[in-house]
Every structure is written in structure tokens, then in C-alpha cells.
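So the structure is just underneath, and the comments pick up after that.
Values in this text are rule-based calculations from the coordinates and carry no lab data. Given the structure is predicted, the values throughout are model-derived calculations rather than measurements. Neighbour counts run over all protein chains shown; Cβ positions are idealised from the backbone, glycine included.
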């Protein structure tokens, strides 16, 4: 039996400083694969079931990301 669905339902996105991510938050996004350049983004939607966060950058480019790629400040 797979518990992945139950674990996904309990998923709560947090920034690295333990502040829960909310829509409207402005966060630093850095692609874990390094394919995209890091940049500031604004959180537009959070999908708790899928574990995804939808953001827009300053050029209105839509991004689909995960909490591990978001922090409260640029490093």
C-alpha cells in the first residue's frame, strides 16, 4: 500500500526560516537543476495536493516550483 497520497495531503509549504509560504509572498527562486537563472518571484497559487507552488517573476513569466527552490532571501 502506498502512503504517498496521504503524505501529500499533509504537505505544508514553508520557507527556510519556517514561515509558511502564502500567496502574495515575494521570495527568491533558484532552480535546483540550474537550468534557469535565479530571480525574485511572487507566489500566486499553492497546490497542497500536488505539492506545487505557482509563481510569477518580474516579467510576468509563470513558474511552477517546489518549496525547496524558494527562500526568503538571495544567498
Next item on the list: Within 10 Å, count the other beta carbons around each residue, average over each peptide in 52-61, 33-42, and list them highest first.
Entry: 52-61, 33-42
Notebook entry, point to check: Which distance in nm do the two modelled labels at residue 59 and residue 26 give, with both placed 7 Å along the Cα-to-Cβ direction?
Noted result: 1.9 nm
